[in-house]
Every structure is written in C-alpha cells, then in structure tokens.
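Undergrad: Below you'll find the structure I mean.
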Amino acid sequence: MTSNAVVTPHYLSAAAGEATLEAGGNAVDASVAAIAAQGVVAPETCGIGGDLFALVHFPGWDQPRALNSSGRAGSGVSAETLRAVEAGSIPGDHPAAVTIPGCVDGMAKLVAELGRLTLAEVMAPAIELAREGFEVSTEQARAFSRQADLYSTNPAVASFYPNGQPVARGERIVREDLARTLTDIGTDGRSAFYEGQPARDIVEALSGSIELDDMKTNQANWVEPIAAEVAGSTVWTIPPNSQGYLGPAALAVFEMLDPPDDPDDPLRWHLLVEAYRCLAWERDDLIADPDHAALPAHLLLDKARLERAAATVDRDRTGVWPQMGAPESTAYLCVADSDGMAVSMIQSNYRGTGSPFGAAHSGFLLQDRGLGFTLMPGHPNELAGGKRPLHTLSPTLWTQAGQPRWILGTRGGAVQPQLIAQVAASAILAGEDLNRAQARPRWTVSDFGPGAGSSPALEPGFHPVGVDDLRAKGHDITVLASPQPGWGPVSVIELDGNLRRAAADPRVDTTAALVF
C-alpha cells in the first residue's frame, strides 16, 4: 500500500500538510500549506517576510525541479554609502539588512505550476491557525522573551507581547492581521502581497532602501539543480546563491576517503569533519548571486575538484585550510505523497526572528538576509541593488535510477551542510535506522579563519575514548552539556518503493513525523 509522509519542525504545520494531502492535494500543495502554517505558529523560525527554496521530484523526471525564491536587495541600498559610515559589515538594525521577501512568490509559483489545489485551498489551514489561535511553545516563548527589547512595541508582532510582556509557554496566540494577509494572498495571489498592503508596509518600514517598484519584480525562478554522486545515489541541491553544495560535496569527499563502516569509529568522525573543513574554508569566496559568482555552479560539485580536495585530508591529523557565519532560525520540511512526488523545502527569516523591521499592518516580521552580503569592494557578493545575497539554506533530495529516494534537510545557518552530512552518513551511507540516526550526537565546526585548526563542539553522548582519539589527531574538542536545539531539527523521509519511512528530530519538542 502506498503512503504519504510529512516531516516538519512543528506538529501543527505537519497537521496542515496532512490535511492538505487528505483534501486531494499533492506533495507540493502539502509542503506549501505546511510552510505557511509554520510561519503562523513559529515565526521565530520562518514567515512570509523571508525567503524560500524548494526541490521537487516526480517519478520519471530526469532531475528535480529547483526553485530559487530568494529576494534581492532593494534599489535604494549602496555599499559605497555604507562603507563610509560602517566598519566592514552591514549592521543588523540597518534597512540594508532587509532584502525583498521571496517566500510568497515561491509559494504562489509552486502551487500554480505543480499543485492540484488552488492557492486559497492551500492557505486555508494557515489562515485557520492564525484566526483560531495556537499554544506558545517553549522555543517560541524563549525567542520572544530574548527579543523583548527589540519587538515589544513592534505592531507586526503585538500579539506576542500582551500587556507589553512576552508570551509564556502554553499561552494562546491569535494573529488577526496575518490571517487577513494570508486570506488576501489566497484570493489574489502574489499581487496581494507585492502590490498591496504588505508591500506598502515594507516600503514604509525601510525608509527608502526598498521601493514599491522593487516589490513588483518577480523573486521566484526555476534554476538548474546541481548534484553529486554519493553511495549509489544522486544528491541534488540548490546552486548558488545557496551554500547547498557543501553537504553533498562533503559526503562525496568523505566517501573518497574510504571511511570505516562502523558509525562509532572515531576515524569515521575525524574523516567526516575533515571532509567538510577541506571545502568550507572557501565558501565565502564562491557563493554569490549567480550572475556574479566566481565559479560556474556545476563546477562546485565537479568530481575532479572534489578529488583534489580529498587529497588534502590527512587520516591521522587535522588539516589547516585558509570563517563562516552565525546561526539562523529556519524551517526545513519534507513531504512525499502516495504518487511518489517528493518535495524538499526550506524557508527562513535568517538570524533568529529576522530583522528589527516588521510589516506593521500585515502581521509579519522581515528577514535580514542582506547580512549575507559583504561590503568588500569588488567582491562577487558585494552589496548592490537587485542582487541576491549569499544564502545558507541547503535543501537536498536524493534519487536512484530517476526515482526519489531520500529527502533531507535542516535549519542551522552556516552549519546546515554539516548536519545534513552527519545524518546522511548515518542513515544513508551506514544504513542506520532513521530514529537512531536522528538521536545520534552531533558536532559542528565554526572556525574557518586563516590558519585555524579544527575546533569541533560535540553534543554529549560521544564515547570518551573516541573523543580522546579525536584530540590526539589534533582536534580541539569542546563537549557541550546538552543536545543543541539549533543543530536541527533535521527532517528526513525515506521513499522505499511504496513504503515511506520518516523520523523527527528529538532536539526540538514541537517536531513531528507523520506517515499515513
């Protein structure tokens, strides 16, 4: 018997996806319904003020369709002007940190071209949640309490500060302004957002960095996906301006290094850390708006290039390669329907809840993806109007013989590819049970400065002997006191013929994996 599967960071967004499939929608409809609902119930992870990427595959297609729906900088920004007053980087509270939201363009395009239902039908679960309300989660209460100084008087999120105080876990939230905005989008499509009240709110909030004419420009484009061969599968991802290549690239290099089969062997940990590090040091020089990138996208996963990187890895010692960014709040979800259609979708406001700016009358916050730009003169990723910034969102979709086989992704900012590589190494390369692969302790490496060594931070649960072995190989290990919610939640679905297997990440208490 065929089945459907939906894995999301929140049980209410998973329920929205499930309801949409049961109403006759396909995996595209369900994924859009789920991501819209996620933005309602967990704006600390994503929302319609952010961007969206998606990979969609259907049995018999030669390759997935890849959607880049990341927004561009407004026409009113100037790197030269900012360089005159700022020391090296764009401030998080500057209007230039906000790029045009691409999410709504992406949702509308996906449903119109690949869905079965109308946009109004797909948006209905999110609208109901916004109108009827939902309970505040632990992570949400923590996020809005931490950001109280920034948001307590912002009308876009007024419902999260009743009586001027941040919401507490278990309180019920209603988002009437957002419900009205989503209803208008469902009825009138992209024009309701990019030419209606939300557009006017955005322009008013940003003091000239984004103009109404900027908002009218389409932000969603089908692009050519890129892929690497790993473990008998083709691993597809989004090309630049996304850093998505790093996960498949690290796994391909890892496989070239002939790692031991035992997932608990410390040499295997060492080789996976080094496979990632030998590639990641050059990310910031390679990833930019595709019209300005230093290297053609297909070369990022070129086998000969990856073999050269693998040759620089020492099996016995850590290497030094000639930094990467901060964590983000993001929502990754995946859906597989009973017809075999598979969707890998990711959506984000970027750092935490996004920028300090909100759409005052429309009920949502704006992303700060402009922080992905640099102010370095002449750099491919230099801030300029109309350009897309470096993006950390890194969805993957795995195929075998043209059939969707795995859907895998996560939040985690710059470390997303590291987390994808670790779960894939356990579940796909080593064949571990999905729940075991999700529960396995994780590591991240964040220091890639010139001359930097390897300084992994480890969740608790790695065997002490293995940790000592890593230290002996030169890794400067920090063992953390508890599992890290920000190192996930990873969402994963396995498509095995007519069977669907899925597992939720235990690091975040709202996650859900539904097979039905």
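Undergrad: Pick from 114, 129: which is open to solvent by 10 Å² or more (accessible area, probe 1.4 Å), over 15 Å from residue 25 (Cα atoms) and at pLDDT 95 or above?
TA: Details: 114 fails: over 15 Å from residue 25 (Cα atoms).
The conditions single out 129.
Undergrad: OK, next. Considering every residue within the range 83-95, establish whether at least one is open to solvent by 10 Å² or more (accessible area, probe 1.4 Å), in contact with an Asp or Glu (Cβ under 7 Å, 6 or more places away or on another chain) and over 18 Å from residue 13 (Cα atoms). Full working, then the answer.
TA: First pass over the range 83-95, keeping only residues open to solvent by 10 Å² or more (accessible area, probe 1.4 Å): 83-95.
Filter once more, keeping what is in contact with an Asp or Glu (Cβ under 7 Å, 6 or more places away or on another chain): 92.
Narrowing the set further to residues that are over 18 Å from residue 13 (Cα atoms) leaves 92.
Within the range 83-95, one or more residues are open to solvent by 10 Å² or more (accessible area, probe 1.4 Å), in contact with an Asp or Glu (Cβ under 7 Å, 6 or more places away or on another chain) and over 18 Å from residue 13 (Cα atoms).
Undergrad: Also, I was wondering about something else. For residues that are of a type outside the set (D, E, K, R), more than 15 Å from residue 343 (Cα to Cα) and more than 18 Å from the chain's Cα centre (by Cα), scanning just the range 17-42, find the one that is surrounded by the most Cβ atoms within 10 Å (Cβ to Cβ).
TA: For the range 17-42, the residue satisfying everything is 19.
Undergrad: Evaluate the range 379-396: report whether one residue or more is more than 18 Å from residue 225 (Cβ to Cβ), in contact with a helix residue (DSSP H, G or I) (Cβ under 8 Å, 6 or more places away or on another chain), outside any loop (DSSP other than H, G, I, E, B) and not hydroxyl-bearing (Ser, Thr, Tyr).
TA: Yes, the range 379-396 has at least one match.
Undergrad: Also, quick follow-up: Residue 152 - would you say it is touching a helix residue (DSSP H, G or I) at 6+ places or on another chain (Cβ under 7 Å) and modelled with pLDDT under 95? First the steps, then the outcome.
TA: Working: touching a helix residue (DSSP H, G or I) at 6+ places or on another chain (Cβ under 7 Å): yes; modelled with pLDDT under 95: yes.
So residue 152 fits the description; yes.
Undergrad: Taking the range 251-293 as the region of interest, how many residues are closer than 20 Å to residue 458 by Cβ and of a type in the set (Val, Ile, Thr)?
TA: Here the count works out to 1.
Undergrad: Confirm whether residue 471 is farther than 30 Å from residue 338 by Cα, outside any loop (DSSP other than H, G, I, E, B), of a type outside the set (Phe, Trp, Tyr) and open to solvent by 30 Å² or more (accessible area, probe 1.4 Å). Walk me through how you get there before you give the answer.
TA: Details: farther than 30 Å from residue 338 by Cα: yes; outside any loop (DSSP other than H, G, I, E, B): yes; of a type outside the set (Phe, Trp, Tyr): yes; open to solvent by 30 Å² or more (accessible area, probe 1.4 Å): yes.
Criteria met by residue 471.
Undergrad: Restricting to the range 252-289, give me the number of residues that are outside any helix (DSSP H, G or I) and open to solvent by 70 Å² or more (accessible area, probe 1.4 Å). Even if it seems obvious, please write down each step before you answer.
TA: Step one: filter the range 252-289 for residues outside any helix (DSSP H, G or I), giving 257-265, 281-282, 287-289.
Still in the list and also open to solvent by 70 Å² or more (accessible area, probe 1.4 Å): 258, 261-262, 264, 281.
Looking only at that region, the number is 5.
Undergrad: To continue, here is another question. Can you work out which of the residues in the range 184-214 that are open to solvent by less than 40 Å² (accessible area, probe 1.4 Å) and in contact with a Lys or Arg (Cβ under 9 Å, 6 or more places away or on another chain) is farthest from residue 96 (Cα to Cα)?
TA: Within the range 184-214, the subset open to solvent by less than 40 Å² (accessible area, probe 1.4 Å) is 185-186, 189, 192-194, 196, 198-199, 201-203, 205-206, 208-210, 214.
Subsequent filtering for residues that are in contact with a Lys or Arg (Cβ under 9 Å, 6 or more places away or on another chain) retains 194, 199, 214.
Values: 194: 19, 199: 16, 214: 14 Å.
Result: 194.
Undergrad: Further, regarding this structure: Residue 28 passes all but one of (1) of a type in the set (Val, Ile, Thr); (2) assigned to a loop (DSSP other than H, G, I, E, B); (3) modelled with pLDDT of 95 or more; which number fails?
TA: Unmet for residue 28, out of (1) of a type in the set (Val, Ile, Thr); (2) assigned to a loop (DSSP other than H, G, I, E, B); (3) modelled with pLDDT of 95 or more: (2).
Undergrad: Among (1) open to solvent by 10 Å² or more (accessible area, probe 1.4 Å); (2) within 23 Å of residue 410 (Cα to Cα); (3) assigned to a helix (DSSP H, G or I); (4) not β-branched (Val, Ile, Thr), which single condition is residue 121 missing?
TA: Single failed check for residue 121: (2).
Undergrad: Here's a follow-up. Out of everything in the range 397-431 that is assigned to a loop (DSSP other than H, G, I, E, B) and in contact with a Pro (Cβ under 9 Å, 6 or more places away or on another chain), what residue ends up being nearest to residue 258 (Cα to Cα)? Give the derivation first.
TA: So the first thing to find is which residues in the range 397-431 are assigned to a loop (DSSP other than H, G, I, E, B), and the list is 401-402, 410-412, 430-431.
Going one step further and asking which of them are in contact with a Pro (Cβ under 9 Å, 6 or more places away or on another chain), we end up with 402, 410-412, 430.
Details: 402: 26, 410: 26, 411: 28, 412: 28, 430: 13 Å.
Of everything passing the filter in the range 397-431, 430 is nearest to residue 258 (Cα to Cα).
A quick yes/no check of all residues on (1) open to solvent by 10 Å² or more (accessible area, probe 1.4 Å); (2) among the acidic types (Asp, Glu); (3) under 22 Å from residue 498 (Cα atoms):
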residue	(1), (2), (3)
338	yes, no, yes
357	yes, no, no
378	yes, no, no
382	yes, yes, no
393	no, no, no
438	no, no, no
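The values are calculated or read from the model by the stated rules, or taken from the named source; none is laboratory data. Given the structure is predicted, the values throughout are model-derived calculations rather than measurements. So basically every Cβ, Gly included, is an ideal-geometry build from the backbone, and we count neighbours across all protein chains shown. These area figures cover heavy atoms from the full protein model, side chains too; ligands, DNA and RNA do not enter into them. Shrake-Rupley method; radii C 1.70, N 1.55, O 1.52, S 1.80 Å.
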